[in-house]
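Below is one structure, written out as structure tokens, with a few remarks after it.
Since every read-out is calculated from the coordinates, none of them should be taken as a lab result. Just so you know, these numbers come straight off a predicted model, no measurement behind them. Here the Cβ is made from the backbone with ideal geometry for all residues, glycine too, and neighbour counts use every protein chain on show.
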Amino acid sequence: MPINRSLAATSGAPLRSTVPHSKAPMTRIREHDLDHALATRAVHAGQVDDPLAGAVMTPIYQTSTYRQTAIGEHKGYEYARTQNPTREALERNIASLEGATYGFAFGSGLAATDTVLKLLKSGDHVVCGDNVYGGTHRLMERVYSAFGLKISFVDMRNTANIDRAITPTTRLVYCETPTNPMMFLADLSAIGDLTQARGLLFVVDNTFATPVFQRPLTHGANIVLHSTTKYLNGHSDMVGGILVTSRDDLAERIGFLQNAAGGVPGPMDCWLALRGTKTLPLRMRQHDANGRQLAAWLTEQRQVTKVYYPGLASHPQHDLAKRQMSGFGGMVSFDVGEVGLAHRIAKSTKIFALAESLGGVESLIGHPASMTHASVPPAMRQAMGLTDSLIRLSCGIEEAADLMADLDAAFHTRA
Ligand code: P1T
């Protein structure tokens with residue numbers, strides 16, 4: 001089947017807006033955006049050709065507004081907070097990869113999480129994984145609790161913990177799997193069944209696995225969230241987030257919030273993310289291969305007391321990982337049992353850059369206790385095994401042997 005990317009197929013190119021002011025803008029995939037296999041969709045889904053010059057790449061519509069031919073007469077684009085063709089291409093592309101109907105891009109992953117929490121109201125209760133990105137924890141605890149949301153943080157490795165935490169005011173279950181940085185898994189199908197039976201919203205942050213390795217909507221999730229800053233962009237050159245869903249009612253409300261609260265990304269960042277997703281399946285293969293090799297190598301190092309990677313047969317949830325993921329990715333955490341050694345390793349690598357973030361082509365090393373998860377209370381960190389001697393690796397796409405040699409040299413740096 002030919003790939004249809006005409007602008008008319010995108011928007012219907014109406015002369016009059018299809019989005020009345022009272023209605024939310026909703027970016028919906030077109031039927032043909034679900035044609036073909038994932039790797040083909042990564043390159044083509046959601047894109048539009050440039051109607052002016054026929055540019056093969058979706059242009060960056062770097063504009064804040066659009067000319068109207070008469071009052072209320074336009075091509076479906078009025079103001080760039082509400083609609084932008086580059087953003088819509090990205091929203092359709094990632095919705096297609098996740099098998100969703102609608103996509104909504106935001107200025108950061110946390111802005112996407114913020115929008116999820118705005119679906120709720122004061123007094124509502126959220127059951128959230130106890131191990132989530134530190135910023136997600138901080139947003140819930142330090143921002144939304146002041147607006148009357150009640151949050152319970154539970155260990156989602158055991159679905160029964162979620163069941164036990166549910167109260168009559170529970171509205172939402174918020175889950176990361178694999179988790180950042182402990183690489184704990186949650187059983188998506190089991191939680192999908194539970195939330196459906198209890199009438200709760202089920203939101204999954206799929207940033208670590210990406211749709212290449214895991215598609216939460218097929219397990220009963222209602223909304224999938226990404227920090228597009230990470231693997232989807234893959235080149236560490238923008239910050240963004242996205243929500244995708246197939247539910248019309250949720251799409252309408254998220255679209256309303258995207259426009260009403262305005263946490264949208266700029267077109268340049270959307271374009272960078274869109275360029276990234278074209279190579280996502282290719283990059284994930286190499287991240288995964290490097291993740292597997294490095295995790296296995298780490299288990300053999302005498303300085304390493306523990307390795308956290310779902311692709312290891314020794315991972316307590318390896319069977320679940322094999323069931324719900326088709327690859328394990330490039331994130332590996334390990335403990336060296338001694339804070340001083342962790343600090344020495346983190347500052348001594350040459351290829352691995354000591355930096356926040358993850359998912360880029362370049363390898364990064366991080367110290368979660370003082371970096372990404374510094375805002376999580378120390379007692380909570382300790383309880384889940386997130387010690388001060390834990391190191392997190394984002395394995396890039398470099399040669400695995402070079403990465404191992406880099407770590408090996410860092411392991412042997414003298415105090
Ligand atoms: O940084 P931002 O684009 O706002 O995304 C937030 C976010 C959401 N979900 C997960 C799983 C994340 O890892 C993040 C951001 N994480 C880092 C910056 C980090 O180094 O872990």
### Task
Provide the gained length on full extension for the span Ala53 to Ala313, in nm with one decimal, where the gain is 0.36 nm per separating residue minus the Cα-Cα distance.
88.3 nm
### Message
So if I restrict to the alpha-carbon atoms in the chain, what is the Rg, and what is Dmax, the biggest pairwise distance, in Å?
### Response
21.5, 73
#### Entry: Pairs beyond 28 Å (Cα-Cα), from Lys306/Lys347; Lys278/Lys347; Lys322/Lys347; Lys230/Lys347; Lys230/Lys350
Lys278/Lys347; Lys322/Lys347
### Message
Can you tell me the orientation of helix 267-278 relative to the chain, as the angle in degrees between its alpha-carbon axis and the longest Cα principal axis, to the nearest 10?
### Response
60
### Query
Label Ser152 and Ala260 with points 7 Å out from Cα along Cα→Cβ: what is the distance between them in nm?
2.9
## Note on the structure
Asserting the computed 222 nm helical MRE of the chain (DSSP H runs at least 4 long, -39500 (n - 2.57) per run, divided by residue count, to nearest 500) equals -10000 deg cm²/dmol
### Query
Separation between the Arg142 and Leu282 pseudo-spin-labels, each 7 Å from Cα along Cα→Cβ, expressed in nm?
4.0
### Query
Tell me, what is the FRET efficiency for Ser64 and Ala197 to the nearest 0.05, using R0 = 41 angstrom and their Cβ-Cβ distance as r?
0.35
### region 110-173: trypsin sites (Lys or Arg not before Pro) in DSSP loop, at most 10 other beta carbons within 10 Å
Lys121
### Task
For Lys75, list the aspartates and glutamates whose Cα falls under 18 Å from its own Cα; do not include residues on the same chain fewer than 8 positions away.
Asp49, Asp50, Glu88
### Message
If I histogram all Cα-Cα distances within region 280-411 using bins 10 Å wide from 0, what percent of pairs lands in each bin?
### Response
13, 45, 36, 6
### Segment Ala37-Ser375, extension gain: residue separation times 0.36 nm, minus the distance between their alpha carbons
117.6 nm
### Task
Can you tell me the FRET efficiency between Lys306 and Ser122 if r is taken as the Cβ-Cβ distance and R0 is 45 Å, rounded to the nearest 0.05?
0.65
#### Entry: Degrees separating the helix 400-411 axis from the principal Cα axis of the chain, which is the longest one
50
#### Entry: Gap separating the Cα centres of region 159-208 and region 224-279, nearest whole Å
22
